[in-house]
Amino acid sequence: MGSVIDVAIEEKMPCLQEGSLTGRKPTVVFVLGGPGSGKGTQCANIAQHFGFTHLNTGDLLRAESRSGSENGTMIQNMIKEGKIVPTEVTIKLLQKAMQESGNDKLLIDGFPRDDGSRAAFEAVIKIEPEFVLFLDCSEEEMKTRLLNRNQGREDDNIDTIRKRFKVFRESTLPVIEYYNSKGKVRKIDAGKPAQEVFEAVKIIFTSKSEKVNRCGCIIL
Ligand code: ADP
Ligand code: C5P
Ligand code: MG
């Protein structure tokens with residue numbers, strides 16, 4: 001993967017230069033959950049409350065698609081079909097956003113969605129997530145939310161929603177299982193009203209932030 005993707009984060013994020021054993025590197029939290037589980041909603045709260053930068057991989061892909069770049073049409077078609085965009089494309093956009101964030105606390109929303117992306121992140125970005133926030137919600141509730149989202153998204157229709165649920169079950173749940181086996185998953189009941197969900201989220205991030213110093217670096 002390293003030959004395909006230019007690893008250039010070090011220049012803007014000096015923490016990364018020190019490698020994984022020095023204890024000085026950005027804190028990364030992955031936020032996963034089915035479509036409509038409330039990832040974007042909770043990430044906005046977390047960013048505001050805990051000073052994280054919210055990197056929404058779906059938004060990065062939609063912006064890239066709209067930009068008319070060479071991958072634009074491909075991305076649009078994948079999103080319309082509820083399929084996972086090739087990892088090289090997503091990780092490159094993510095890498096750039098991480099570079100530009102200038103923050104040592106990063107909330108990565110909607111990634112990694114399959115084992116390949118997870119492995120690519122490990123190989124290319126070389127940062128182990130601090131933990132994975134898993135917003136657990138029933139498909140019935142998620143379907144209702146998506147059909148009422150009203151953001152004009154081409155994938156918020158019942159046909160694509162069914163496909164996205166299938167992709168989530170078949171490709172993303174195994175990623176959550178992987179991190180669960182490493183004791184890294186913080187699972188929350190996301191079927192409750194947004195404010196109640198955030199109360200549970202706050203408990204998780206409060207206990208974590210106590211282990212993070214002023215620079216956002218993890219104290220080992
Ligand atoms: P995701 O990013 O996981 O797809 P969003 O945060 O975009 O989910 O939420 C999907 C829709 O559901 C949005 O319209 C949002 O306002 C709404 N929503 C988010 N969280 C809740 C909640 N806990 N209860 C009810 N509606 C919610
Ligand atoms: O997370 P979000 O609901 O915004 O994702 C919308 C769509 O964008 C997904 O169904 C998928 O087609 C694409 N996507 C992706 N890889 C990601 C994030 C989103 O392929 N990491
Ligand atoms: Mg979202």
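In summary, the lysines within cross-link reach of Lys166, defined as a Cα separation below 27 angstrom excluding same-chain residues under 8 places away, comprise Lys39, Lys80, Lys83, Lys92, Lys143, Lys182, Lys184, Lys187, Lys192. Under Stokes-Einstein, with the Kirkwood radius over Cα pairs as Rh, the value for region 126-207 at 37 °C and 0.692 mPa s is 228 µm²/s.
Decide, for region 43-181, between rounded, prolate and oblate: order the square roots of the alpha carbon gyration tensor eigenvalues as a ≥ b ≥ c, take rounded if a/c falls under 1.5, and otherwise choose prolate if a/b is larger than b/c, else oblate. Taking the square roots of the gyration eigenvalues as a ≥ b ≥ c, region 43-181 is rounded.
Panel order for Ile176, Ile108, Ile203, Ile158, by other beta carbons found within 10 Å of each beta carbon, from fewest to most: Ile158, Ile203, Ile176, Ile108.
Once a ≥ b ≥ c are taken as the square roots of the eigenvalues of the Cα gyration tensor of region 159-207, is the result rounded (a/c under 1.5), prolate (a/b larger than b/c) or oblate (a/b not larger than b/c)? Kindly include the intermediate steps, with their values, before the conclusion.
Details: a/c = 4.28, a/b = 1.33, b/c = 3.23.
It comes out oblate by the Cα gyration axes.
Here the residues His49, His54, ranked from fewest to most Cβ neighbours within 10 Å of their Cβ, fall in the order His49, His54.
Please label the shape of region 104-158 as rounded, prolate or oblate, based on the square roots a ≥ b ≥ c of the eigenvalues of the alpha-carbon gyration tensor (a/c under 1.5 means rounded; beyond that, a/b larger than b/c means prolate, else oblate). Let's see the in-between values first.
Details: a/c = 2.44, a/b = 2.21, b/c = 1.11.
Cα axes put region 104-158 in the prolate bin.
Values quoted throughout were computed directly from the atomic coordinates according to the rules given, and no laboratory measurement underlies them. As the structure is a computational prediction, the values presented were derived from the model and not from experiment. Using ideal geometry, Cβ is built from the backbone for each residue, glycine included, and neighbour counts are taken over all protein chains shown.
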